[in-house]
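What follows is one structure encoded as structure tokens, with my remarks underneath.
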Amino acid sequence: HIGVLATPVVTTHVLQSPQDEILILATDGVWEFMSSQEAVDIVTSHLHNDEDDNKDASGGEAPSVGGAARACQALIEAAANKWHKEEGDYRDDITALVICLQQLWDSGDNSDKKTESPNVKRQKVEKAQGDTEKGE
């Protein structure tokens with residue numbers, strides 16, 4: 001197939017906490033010269049920021065909003081570099097979004113903590129994305 005397909009390719013995956021750490025949504029410009037594993041490797045290598053002191057419930061390092069922004073930028077730059085290597089000055093649209101799923105999961109065995117509704121979690125993600133866009 002060449003060009004845009006009228007019928008989307010749809011797959012499903014049931015999210016597993018805490019195994020599923022990130023979700024990468026990207027246009028075909030990212031995937032043209034990059035495998036899924038390459039994209040995951042790039043994102044995870046840039047996800048954690050040594051300057052931030054972000055710890056998850058188990059004491060491990062948790063991804064930060066800034067880390068997700070840096071990881072996304074690194075993915076976009078890597079895709080652009082692959083396009084330049086393969087096609088010279090021409091490239092397709094390269095758009096990506098990195099979502100840190102760990103921040104959406106409840107933080108462990110805190111029985112006194114109320115479970116947030118998906119709408120509250122979505123609002124927190126949208127606020128974090130808005131803060132990143134504003135440079136906060």
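The values are calculated or read from the model by the stated rules, or taken from the named source; none is laboratory data. The structure displayed is predicted, hence computed values, not measured ones. Don't worry about glycine lacking a Cβ; one is built from the backbone with ideal geometry, like all the others, and counts go over all protein chains shown. Ligands, DNA and RNA are excluded from the accessible area calculation, which covers all protein heavy atoms including side chains. Shrake-Rupley method; radii C 1.70, N 1.55, O 1.52, S 1.80 Å.
Here are the numbers:
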{"item": "FRET efficiency, VAL9 to TYR90 (Cβ-Cβ, R0 22 Å, nearest 0.05)", "result": "0.35"}
{"item": "Two-site label geometry, SER17 and THR44: point separation in nm, points 7 Å out along Cα→Cβ", "result": "2.1 nm"}
{"item": "With all protein chains modelled, accessible area of GLU86 [1.4 Å, Å²]", "result": "110 Å²"}
{"item": "Heavy atoms of ILE24: accessible area, 1.4 Å probe, square angstrom to 10", "result": "30 Å²"}
